[in-house]
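The values are calculated or read from the model by the stated rules, or taken from the named source; none is laboratory data. This one's a predicted model, so the numbers in the text were calculated from it and none came from an experiment. As a convention, Cβ positions derive from the backbone with ideal geometry for all residues, glycine included, and neighbour counts pool all protein chains shown. For the accessible areas, the whole protein counts, side chains as well, though only heavy atoms, and no ligand, DNA or RNA atoms are used. Shrake-Rupley method; radii C 1.70, N 1.55, O 1.52, S 1.80 Å.
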Amino acid sequence: MLKKGNKLYSILTGSCPRCNKESMYVDQNPYSIGHLFKMNERCSHCGLKYKMEPSFFYGAMYVSYAVGIAFAVAAFVTAFLIFKASLISTFIAIVVTMVVFMPVIIRLSRNIWINFFVKYDESAADASV
Ligand SMILES: [Zn+2]
């Protein structure tokens, strides 16, 4: 499933949505908090400019609500339904999950957002620029 050319590959790895050849981020680890938002200007392989317009990644905020809710639901199911935790413990588990996964949620949202607009292009992946 996680082959190059699959949007899921780009979304989960944060690689260039057009050629999948390299990471969009200066530091691939979302937990190096100082580098959380630092992206390369463009892909050095296919030349895609990630920030297509100045406020491009503001739209990723809307995606992050959906991604955040998905994480909250997962935390709820795990704590309340699987571990039969009390409501208050479940609430704490959700808050902790949101805080701990915040960098991942932010990165995933950006990756999903840019993949709405950019399609994988095999010729861009093959070409060496
Ligand atoms: Zn590229």
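With every protein chain present, what is the per residue accessible area of region 7-124 (1.4 Å probe, Å²)? Don't skip to the answer; put the middle values down first.
On the way: 6850 Å² over 118 residues.
Per-residue value: 58 Å².
Lys pairs in the chain, Cα-Cα under 26 Å, at least 8 apart or on separate chains: how many?
Total qualifying Lys-Lys pairs in the chain comes to 24.
For n ≥ 4 DSSP H runs only, could you compute -39500 (n - 2.57) per run for the chain, divide by its residues and tell me the 222 nm figure to the nearest 500? Walk me through the numbers on the way to the answer.
On the way: 5 runs with 59 residues, N = 129.
When only DSSP H runs of four or more count, the value is -14000 deg cm²/dmol.
Cut-off 10 angstrom, C-alpha nodes, Gaussian network model of the chain. Which of P54, P103, P30 fluctuates the most?
Sorting by GNM fluctuation, first place goes to P54.
Taking springs between alpha-carbon atoms closer than 10 angstrom, which of I11, I114, I82 fluctuates most in the Gaussian network model of the chain?
Fluctuation is largest for I82.
Charges only on Cβ, +1 for Lys and Arg, -1 for Asp and Glu: so what's the dipole of the chain about the Cα centre, in debye to the nearest 20?
Values: 13 positive and 7 negative charges, 21 e Å.
I would put it at about 100 debye.
If you line up the long axis of helix 102-117 against the longest principal axis of the chain, both from Cα atoms, how many degrees apart are they, to the nearest 10?
40
Give me the angle, in degrees from 0 to 90, between the Cα long axis of helix 60-76 and the longest principal axis of the Cα atoms of the chain, rounded to the nearest 10.
40
Give the distance, in whole Å, between the Cα centre of region 87-129 and the Cα centre of region 1-69.
Rounded to whole Å, the Cα centres lie 8 Å apart.
In what sequence, largest accessible area first, do Y120, Y50 appear using a 1.4 Å probe? Write out the running numbers ahead of the final one.
Details: Y120 75, Y50 0 Å².
Ranked from most to least accessible, the order is Y120, Y50.
Arrange the peptides 106-112, 22-28, 93-99 so that the one whose residues have, on average, the most other Cβ atoms within 10 Å appears first.
Values: 106-112: 22.1, 22-28: 16.4, 93-99: 14.9.
Most protected by this proxy first, the peptides run 106-112, 22-28, 93-99.
Hey, got the Cα dimensions of the chain along the principal axes, in Å, largest first?
Taking the Cα atoms of the chain, the three principal extents are 56, 31, 23 Å.
Let me have the relative contact order for region 7-124, percent, based on Cα pairs under 8 Å that are six or more residues apart.
Details: 138 pairs, mean separation 41.3, N = 118.
Computed value for region 7-124: 35 percent relative contact order.
Report the full-extension gain for the segment K4 to R42: residue separation times 0.36 nm, less the Cα-Cα distance, to one decimal in nm.
Extra length available between K4 and R42 comes to 11.8 nm.
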